[in-house]
Structure formats: structure tokens, C-alpha cells
Amino acid sequence: MKVTLADVKANPLIDAYIRKADEHLAAIGFTEHGYRHVELVASIAKNVLRRLGFSQREAELAEIAGYTHDIGNAVSRIGHETAGAVLLAPILTQLGMEPDEVAIVCGAVGNHGETTGNPVNNVSAALILADKSDVHRTRVRNPDAATFDIHDRVNYAVVHSFLNVDSPSRKITLELTIETEICPVMDYFEIFLTRMLMCRRAAEFLGCTFHLNINGAALL
């Protein structure tokens, strides 16, 4: 059976995991990881593979992985990628997904963490690129700028974020607009360098090069 994103969204357990994961992260002061984030990551991951000419089904699996990738935060922030994959596997199996596809999606979810993740398949590579490119003001929950930590400050400073996939040249470019009076560009690299290195590995896995453009300047 070809399980679709609509099937996944209709599952009450996945929905509960997404809602509670975001609530739990809010309780410890993390940026938004709810419906906005997972919907966006799902869309970007799917479009990355579609624009690069991968199969429609791989793109659909990337969309499913993007939507479900953070459910492990309902258990714990630490190791959330592994917890998410373990929670997800029986649900996808119950929905009727083919075993090989379950393994692909769970491999992607389990490998999106910043310290331990690696692109292990095309779906995984697309998920990494989609997840790590979501840096934006709308993710900041804290209304008091005077109490921002560096993650709040960097996210709040980013007013435009777009992952540009140039199919003919096989170039993937994260394009950011940062209000430098709020956050100097160096602060971005201080907390997101690991993410950018992950993106480079993911792009290379897909046969592409990864680039970073901030305020019109090519930095990677």
C-alpha cells in the first residue's frame, strides 16, 4: 500500500506526538517545532527531490519523513531523532506502508540529529537540507527581546529564508536575509556551523554542491 502524507496526518497518535513534542520544547525554552515547522520541512524535502529528478515516490517519502521527523521530542529532546524513528516504525507499519519504505523513512528520521546524523539515503539527505534550512523570525516564541538567548536572537534576525535548488547546475543554496543590527553574521555561524556542514554532506549525497548566501554575499 502506498501510504501518503494525508494518511499520516490523519493518524491521531502522530498528531498527538507533534502537538506534545512542541509543547514539551516550549516548556524548556526551545524555538517552535510544531505544525508550522513540520509542514514546511515536509514541503521543502519533497520539493528538493522533485526538482533534482528523483522519483515521485521518494519525494513522497521525504514529505512523510519531514512531517514526522520531530515526534521524538514528545519523549525527550536528547536523542529525539532515535526516539522518533522508534515511535514511527509501528505506526507506518500499521498504516500499511511497505517494510522497505518504513526502513527508509525511519532511517531518515533517525539521522537528522545535528551531532549524530548522516545522509544515509536520498530521503534522509532531503530531510537534513529541509530541516536545517528552517531559520526564521517566526520560530521565536519569546516575546521579550531583552531576554533572548543566542538561538532566539539568530532566528529573530532572519527575516527571509529560502532553499534554492538549481537543477541544471546541481547547486543547492540557502539564501538568508539577516538584520545585522539584531545579530551579526558571525553569531549565525557560531551556532549553525554544524548544520551547514550537515547540509553540505547531504547535498553531496544527492550529487550537488551546497552554498550559503547571506544578505546577497556568497559565504559558502
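The values are calculated or read from the model by the stated rules, or taken from the named source; none is laboratory data. The structure displayed is predicted, hence computed values, not measured ones. No Cβ is skipped: glycine too gets one built from the backbone with ideal geometry, and neighbour counts run over all protein chains shown. All accessible areas refer to the heavy atoms of the entire protein, side chains included, with ligands and DNA or RNA removed. Shrake-Rupley method; radii C 1.70, N 1.55, O 1.52, S 1.80 Å.
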Here the residues within region 47-76 that are out of contact with any Ser or Thr (no Cβ under 6 Å at 6 or more places or on another chain), closer than 19 Å to F210 by Cβ and open to solvent by 40 Å² or more (accessible area, probe 1.4 Å) are N47, R50, G53, F54
- request: Please work out if P90 is open to solvent by 70 Å² or more (accessible area, probe 1.4 Å) and within 30 Å of A27 (Cβ to Cβ).
  value: yes
Quick count over region 31-56, residues being under 15 Å from the mean Cα position of the chain (by Cα) and assigned to a loop (DSSP other than H, G, I, E, B), is 4
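Considering only residues of region 139-158 that are open to solvent by less than 60 Å² (accessible area, probe 1.4 Å) and of a type in the set (D, E, K, R), which is farthest from the chain's Cα centre (by Cα)?
The selected residue is D152.
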In region 107-138, residues that are among the basic types (K, R) and surrounded by fewer than 22 Cβ atoms within 10 Å (Cβ to Cβ) total 1
Given the conditions (1) at pLDDT below 90; (2) farther than 16 Å from D131 by Cβ, every one holds for I191 apart from (2)
State whether the residues of region 178-185 include one that is surrounded by 16 or more Cβ atoms within 10 Å (Cβ to Cβ) and within 29 Å of G53 (Cα to Cα).
-> no
Just checking, does region 92-106 include any residue being within 18 Å of the chain's Cα centre (by Cα), in contact (Cβ under 8 Å) with a residue 24 or more places away in the chain and either part of a helix (DSSP H, G or I) or more than 30 Å from T209 (Cβ to Cβ) (or both)? yes
Over region 72-102, the set of residues within 19 Å of T115 (Cβ to Cβ) and β-branched (V, I, T) is V75, I78, T82, V86
Among S169, S161, the single one that is surrounded by fewer than 21 Cβ atoms within 10 Å (Cβ to Cβ), within 19 Å of the chain's Cα centre (by Cα) and among the small types (G, A, S) is S161
When restricted to S167, S161, the only residue touching a Lys or Arg at 6+ places or on another chain (Cβ under 7 Å) and small (G, A, S) is S167
> Does A203 satisfy being out of contact with any helix residue (DSSP H, G or I) (no Cβ under 6 Å at 6 or more places or on another chain) and under 22 Å from L25 (Cβ atoms)?
Replying inline: no
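Is it true that R19 is open to solvent by 40 Å² or more (accessible area, probe 1.4 Å), out of contact with any His (no Cβ under 8 Å at 6 or more places or on another chain) and not in a loop (DSSP other than H, G, I, E, B)?
Judged against the criteria, R19 is a match.
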Selection from region 139-155 of residues touching a residue at least 24 places away in the same chain (Cβ under 8 Å) and among the charged types (D, E, K, R) yields R139, R141, D149, D152, R153
